[in-house]
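Trainee: Would you mind keeping the following structure in view while I ask a few things?
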Amino acid sequence: MMVPLAYDDSAVEYSAVRQNVGLIDRSDADVLEVTGRDRATFLHAMVSNDIKGLTAGRGAGAALLDVHGKVQALMTAWALEDRILLVLPAGLAVKASEALDHYLFSEKAAFRDATGELSLFMLAGPQAAALVRRLTGIEPPTATWSHSPATLAGVEVRLVRGAGETGEAEVWVVAPVAQGPALWDALLEAGAKPVGLTASESLRVETGTPKWGHDVDATVLLPEIPLEGLVSYAKGCYLGQEVVVRIRDRGHVNRHLRGLIVDGEHVPTPGDAVLAGDSEVGRVTSATSSFGLKRPLALGFVRRQHAEPGTRVTIRSGGESLAATVTPLPVPR
C-alpha cells in the first residue's frame, strides 16, 4: 500500500516512535534472493561486510562498491537455512543482480528478484520489543539484523532486529505479502501508531541515516558517509576494498555527510548550495522540519575543512541566505 505523508498528525506519529512504538511500512524495499551452495562465499567477496560468517538467523548491513570505492547499492543481508535475502532500496534489485552476476564465473550462486513478495513492517520505539513479546510470546532477537521465526495473530512471520535508522529500538515484522493487511491491522490493534512519510523523514534525518538517491548514490565514496555497521576490516578482499582501507590508513576524504541545523523557519531544498563566506563548500542532500529540534534540519555533504561540528555556514536557498551550524550524526537532540 502507498504510504501517506501522514496517517493522522505527524507530530503525534513522531512522538509515538520517540516515546512508545510506531509502525512504519517498508514494503517498498526491493528484495533479491540469492541461492546456491556458494552464495555466502560469493557475496562475501563482493560486498563490504562479513557475509561468509553469517549463520542462519543472522544478518548484516553492507555496501556493494565499484572498484573505485563508490557506492553502487546499500543493502541488508539476512541469512536463512537455504538462501540469503538482500533487502535493498526501491529500484535497486535488478541493478544489484546484474552487477553481481557480472563477477559470477564458476561459483554456484543464483539471483532472483523477490521484490513485492513480502510485507516489511518496522516497529520502532522504546516499546517495540515489548509489543512483539506480548503478541508472539517470545523475545525478539537482540543482535542487529539477527532474525527468528514466530507466529503473530495466526500469521507465520520473521522477526528482525533493526539497525536503528530512526534512532530508536526497531523490530521488523516480515511476512508473505498476502498476509500483510491482517498483520498490519493486528499491530495497530495492539497499540502501534502508524507513521507516515513526514514523521519518518524527520526521524531519519535526525539520526543521519543516508537515503539512497538523496544522501548516497553512485557518486559517493563509502567513507564519505557513516560506516558503522556496513564494513568489516577483518575480512578479505571485496570490490573497492583497496580504496576504503587506503582512506582509513593513509588518507582522508574531501567531504563528509553532516547535519546542518538551520536558523529560522525556512526548510532548505535538496541541491541547495552550502557556503563558507562566498565559497561553495557543499550541497544539501535531504531536508526536513525536525520535530525533535523544532526547527529546520538538513543533511548535506560539506568539504572536510568546514565539516567540524560547530562550524557556521550559509545555505543559499530560493534566493534566501540561511544561517546554519554543522553538526555530527546522529544530530544531538
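What follows is calculated from the coordinates using simple rules that are stated; it is not laboratory data. What you are looking at is a predicted structure, and each value in this text was computed from that prediction instead of being measured. In this analysis, Cβ positions are derived from the backbone assuming ideal geometry, glycine residues included, and neighbour counts consider all displayed protein chains.
Trainee: Residue under question is Thr219, and the condition is that it be under 30 Å from Gly59 (Cβ atoms), of a type in the set (Ser, Thr, Tyr) and not in a strand (DSSP E or B); does it hold? Walk me through it before giving the result.
Mentor: Working: under 30 Å from Gly59 (Cβ atoms): yes; of a type in the set (Ser, Thr, Tyr): yes; not in a strand (DSSP E or B): yes.
Spelling it out, Thr219 is indeed under 30 Å from Gly59 (Cβ atoms), of a type in the set (Ser, Thr, Tyr) and not in a strand (DSSP E or B).
Trainee: Counting only residues that are over 22 Å from Asp215 (Cβ atoms) and in contact with a Lys or Arg (Cβ under 6 Å, 6 or more places away or on another chain), give me the strands (runs of 3 or more DSSP E) lying completely in the range 10-106 with at least 2 of them. Even if it seems obvious, please write down each step before you answer.
Mentor: Details: elements: 22-25, 30-35, 59-65, 71-79, 84-88.
Because the criterion is at least 2 residues that are over 22 Å from Asp215 (Cβ atoms) and in contact with a Lys or Arg (Cβ under 6 Å, 6 or more places away or on another chain), the strands (runs of 3 or more DSSP E) in the range 10-106 that meet it are 30-35.
Trainee: Now for a different question. Looking only at the range 253-273, which residues are of a type outside the set (Asp, Glu) and over 24 Å from the mean Cα position of the chain (by Cα)?
Mentor: Once the filter is applied, which keeps residues that are of a type outside the set (Asp, Glu) and over 24 Å from the mean Cα position of the chain (by Cα), the range 253-273 yields Gly264, His266, Ala273.
Trainee: In this structure, is Val244 over 30 Å from Ala45 (Cα atoms) and either assigned to a helix (DSSP H, G or I) or touching a residue at least 24 places away in the same chain (Cβ under 8 Å) (or both)? First the steps, then the outcome.
Mentor: Values: over 30 Å from Ala45 (Cα atoms): no; either assigned to a helix (DSSP H, G or I) or touching a residue at least 24 places away in the same chain (Cβ under 8 Å) (or both): yes.
When the stated conditions are applied, Val244 does not pass them.
Trainee: For the range 253-284, how many residues meet the condition of being among the β-branched types (Val, Ile, Thr) and within 16 Å of Pro330 (Cβ to Cβ)?
Mentor: Start the filter on the range 253-284 by keeping residues that are among the β-branched types (Val, Ile, Thr), which leaves 253, 261-262, 267, 269, 274, 281, 284.
Next cut, within 16 Å of Pro330 (Cβ to Cβ) only: 261.
Total meeting the criteria: 1.
Trainee: Sticking with this one: Among the residues of the range 239-252, write down those that are out of contact with any Leu (no Cβ under 6 Å at 6 or more places or on another chain), of a type outside the set (D, E, K, R) and either more than 21 Å from Ala63 (Cβ to Cβ) or surrounded by 13 or more Cβ atoms within 10 Å (Cβ to Cβ) (or both).
Mentor: Initially, the range 239-252 is screened for residues out of contact with any Leu (no Cβ under 6 Å at 6 or more places or on another chain), giving 241-243, 245-252.
When the remaining residues are screened for being of a type outside the set (D, E, K, R), the result is 241, 243, 245, 247, 251-252.
Listed by number, the residues that qualify are Gln241, Val243, Val245, Ile247.
Trainee: How many of the residues in the range 190-205 are outside any loop (DSSP other than H, G, I, E, B) and either touching a strand residue (DSSP E or B) at 6+ places or on another chain (Cβ under 6 Å) or more than 24 Å from Ile261 (Cβ to Cβ) (or both)? Lay out the reasoning, then the answer.
Mentor: First, pick out the residues of the range 190-205 that are outside any loop (DSSP other than H, G, I, E, B): 193-194, 197-205.
Retained after the next criterion (residues that are either touching a strand residue (DSSP E or B) at 6+ places or on another chain (Cβ under 6 Å) or more than 24 Å from Ile261 (Cβ to Cβ) (or both)): 193-194, 200-202, 205.
Final tally of qualifying residues: 6.
Trainee: Then there is this: Of everything in the range 284-308 that's more than 15 Å from Arg255 (Cβ to Cβ) and in a loop (DSSP other than H, G, I, E, B), which residue is farthest from the chain's Cα centre (by Cα)?
Mentor: Among those that are more than 15 Å from Arg255 (Cβ to Cβ) and in a loop (DSSP other than H, G, I, E, B), it is Lys294.
Trainee: Looking at (1) under 29 Å from Val253 (Cβ atoms); (2) surrounded by fewer than 22 Cβ atoms within 10 Å (Cβ to Cβ), which one does Asp8 not meet, given that it meets all the others?
Mentor: Unmet condition: (1).
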